[in-house]
Structures are given as structure tokens and as C-alpha cells.
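Coordinate-derived values only; no laboratory data. These numbers come from a predicted model, not from an experiment. Heads up, the Cβs are rebuilt from the backbone with ideal geometry, glycines too, and the neighbour counts pull from every protein chain shown.
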Amino acid sequence: MVSPCPLRRGLFAAALAAALIVSSAGGPAGADPPRPVAAAVAFSDTFDGPAGAPADPAKWQSETGDNVNNHERQYYTSHTANAALDGQGHLVITARRENPAGYQCWYGTCQYTSARLNTAGRFSARYGHVEARMRIPRGQGMWPAFWMLGTDIGQVGWPASGEIDVMENVGHEPSTVHGTIHGPGYSGSGGIGAGYSLPGGQAFADAFHTYAVDWAPGSITWSVDGAVFQRRTPADLGGRTWVFDKPFFLIMNLAVGGYWPGDPDGSTALPQQLVVDSVSVTTADTATGVPVRGPGGKCMDVAGANPANGTPVQLYDCNGTAAQQWTAGADGTLRALGKCLDVTDRGTADGSTVQLWECTGWANQKWTVTAAHDIVDPQADKCLDVTGGSTADGTRLQIWTCTGAADQKWTLG
């Protein structure tokens, strides 16, 4: 079942406010331990602050009002009773059965309050690794979501703006979350997506989980706790328009009732809480990348600048093209052309080649760099290496037992 998510009424100011911060890897030689390759973090919030404080207003704004479009039952408020820090590094969004201010909803006097926050006018991104670590609520009628809308919604409306639902859950499906895209001709119940279920009947409400998309030109890949469960491209749209190659802003909310989840009933215990541990966006925009220089003063290069899965990664004369611009993710990935440096077939043996592949979150795409200028695959405990020690253009890169030799030395930037 996919999410019927018509436009949710609220504040949709459009702005591009991302401030990209790039930290370079490497550093002085010495005994420093291995560390993740430097990240290009565009947005991060770990919700540190005193209990009872609102979310950082420089990053988030509260939307207020009801929502007739989905026939939801809550009234969204800006009060800390519905969204506040807990003093332990979390933002808690609370849905309550109450109406302290006599709020009026589409169906009459409102029965519930909750909160919805967005980054419109404060932050937006075009591509990247977008994730939130959350513990969702439970119960019939609960509808938590972490999602994005195109910043041009004020100009083109919905669904032409596009909508990317990173995670939605409806309370009557405690073991399943959904990821969906909506656009012109594939919106509401016609959105394109898939569900992901925990094994053995586990409930998502029992623990924190990380919900993410890896978003690149022409593709969006969804994962839960690093496990990929779907990838969508323009080929999935049957000729309809792909509207996801532009800036989007972030939204998180806890709805109560509506067409999809149904309304709360006698089994629903309230209040219920969506507890948010962190939200981050790591850019994958190759314009922010740097060359990775190796043996012979040559560069790590995507063969033919081809972004297709399986394209070999090789050594080549440094030329400044996008095929040699690498951006490091906070998740330990190393990315070019919107995809990740990947050990072929998840190999761990000496001589396993490396390639470009869509970002999956798997261990064969995680790398660390040491102060000695080794780039290490921790899964295999092996180093990025030039086959045969050759410095000829087109020499394939591989992993190999770390030797400290010159053909395993790399410098970022």
C-alpha cells in the first residue's frame, strides 16, 4: 500500500538556504587513529538543549492549522506542549487528545493537537544523503512522517512541486514503513513507492531506527538502518515528469487520523510521541568535490565519466573533470557523479576491484582515511591499491592487504 498524501496545508515559503561546510581529510602525519573520510554536511540537528525548549528556530519553523486535504483530525500548534526538546538530545513531537484553545477544524471543534515542523526558508538541498533517526509512535490512527517538498511549491503548486516521503507509518501497520514519491500524474494514492517491514513482527515503535534516502540526479534510493529497499528513477514513471532534480526542504510531523491511517479508536492510547534523535543532510553534489591523488601524481577517476552502475574506477591523469571530483559523506562513503565508490561484489579478497555503484549503505561502500594517507576498507581491513603498482592511465583500482607502499598512498584535495 502506498501513501495517499495530497498537499498538506501549511507554510510553504521557498528559499535555498543551505550553507555547505566542507572538512578535508588527511592532516599531519602521526599516530592519529583512522577516521571517517571528511564529510560535506549541509544540515545537521542533534536537538541538544534544555528540556522544554523549542526546536532551533534558525533551522525549523512550526506550521499551524488543520488539514482538510487528508481529513486528518489534529490541529497543528506552535506550542512546546506539542514539540519540545527533552534535554537528552531529542526533539519530541507529541499528539494529544485535547483542545486547550478551542481550535476549529474542518470537521468542527478539533479533538487533537500535534506539531509539524519544516525548514522552508531556512534550509533546502538538491541531492544528497538525507536521514533522520527516530522512534515512531504506536496505535491506530497515528501517522508519523519525515518527508520533503520542492521549494517551488508556492509557484507551481502540488504535485508539480514534487514530494519525497522518506518515511511514513500508519499505526495499524506497526512493523512496516513506506517510502514514496509524488509528482504530476502520480500523486495521492497514485504515488510510486514501496514498504519495508521488520522481520519477526517487530514494531518500529520499540526502538530508534534510521530512515534515509540517497538522492542523486535521476535517482532516489530508500533505506532503513542502512538496508536498501527500493530505488526509483524516471524509468519508473511511465513517461510522466520526473520533478526531483531541484531543491527541496524538509518536513517532520505527527498526524492523527485521516484517509490512510483511519481515525483513532478505543485501542489508541494518547498522548503518543514521535521522538527525533537527529536529522542530517550530507551533500552529494560533485561541485563540492575534490580530487583524490595517488601514485604518479595521478587521480582516482571514473572511467569515461560514466555514472552507470559497475563503471570501473581507475588511475588517470588529473584533469579536473567531474569524474575526478569526490565528495565524502558523513556515513563514510566516497562519492562521485552522484554514486559511491564500491568494492565489486562486496569482495574482501586481495585484488577485489572497485567500481562506481548506487549508494546502498552496505559495508563495501564504507572507507576511512588514516594520517598515513591510506584509504581503508574496514570490512576487508584492506587498502585502496593500484593494480600491479602501475601508474599508467586506465590502471584499475582494487583493494589489497595494507603494505605501506607508495601504490597505496592517496591525498585528498
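Using the Kirkwood radius built from alpha carbon pairs, what does the Stokes-Einstein equation give as D for the range 311-381 at 37 °C and 0.692 mPa s, in µm² per second?
Translational diffusion coefficient: 259 µm²/s.
Treating the beta-carbon of each Lys and Arg as +1 and of each Asp and Glu as -1, no other charges, what is the dipole magnitude of the chain about its Cα centre, to the nearest 20 debye?
On the way: 26 positive and 37 negative charges, 98 e Å.
It comes to approximately 480 debye.
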Exercise for review: Convert each backbone phi in the range 66-83 into a coupling constant with the Karplus relation 6.51 cos²θ - 1.76 cosθ + 1.60 (shift: θ = phi - 60°), then list the ³J(HN,Hα) values in order as whole Hz, x for Gly and Pro.
Suggested key: 9, 8, 6, 4, 9, 6, 6, 9, 8, 10, 7, 10, 9, 7, 5, 5, 10, 7
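Please report HIS178, HIS90, HIS129 as a ranked list, fewest other C-beta atoms within 10 angstrom at the top and most at the bottom. List each step's numbers first, then the result.
Values: HIS178 25, HIS90 22, HIS129 29.
By the 10 Å Cβ count, ascending, the order reads HIS90, HIS178, HIS129.
In which sequence would ASP393, ASP66 go, from the one with the fewest C-beta neighbours within 10 Å to the one with the most? Numbers along the way, then the final one.
Numbers: ASP393 12, ASP66 19.
Ordered from fewest to most neighbouring Cβ atoms within 10 Å, ASP393, ASP66 come out as ASP393, ASP66.
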Point to revise | Vicinal HN-Hα couplings computed from phi for the range 335-341 (Karplus, 6.51 cos²θ - 1.76 cosθ + 1.60; Hz; Gly/Pro x) | key: 10, 8, 6, x, 10, 10, 5
Exercise for review: Find which of VAL354, CYS105, THR395 sits farthest along the positive direction of the dipole of the chain, computed with +1 on the beta-carbon of Lys and Arg, -1 on that of Asp and Glu, about the Cα centre.
Suggested key: CYS105
Review point. If the range 21-282 were replaced by its equivalent ellipsoid, with semi-axes equal to the square roots of 5 times the Cα gyration tensor eigenvalues, what would those be, largest first, whole Å?
Key: 29, 23, 19
Review point. What percentages, rounded to whole numbers, describe P(r) for the range 78-224 computed over all alpha carbon pairs with 10 Å bin width beginning at zero?
Key: 10, 33, 38, 18, 1
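Fewest to most neighbouring Cβ within 10 Å: what's the order for ASP374, ASP86? Each step should come with its number before you reach the end.
Working: ASP374 19, ASP86 16.
If I rank by nearby Cβ atoms, fewest first, I get ASP86, ASP374.
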Check your understanding: How big is the range 289-412 on each of its three principal axes, counting only the C-alpha atoms and giving the largest first in Å?
Key -> 31, 30, 24
**Study point:** Cβ-based net charge around GLN365, under 13 Å, with every Lys or Arg adding one and every Asp or Glu removing one
**Key:** -2
Practice item. With label points built 7 Å along Cα→Cβ from the Cα atoms of ALA372 and CYS318, find their separation and express it in nm. Key: 2.3
Practice item. Report, in debye and to the nearest 20, how large the dipole of the range 289-412 comes out about its Cα centre when Lys and Arg carry +1 and Asp and Glu carry -1 on their Cβ. Key: 180
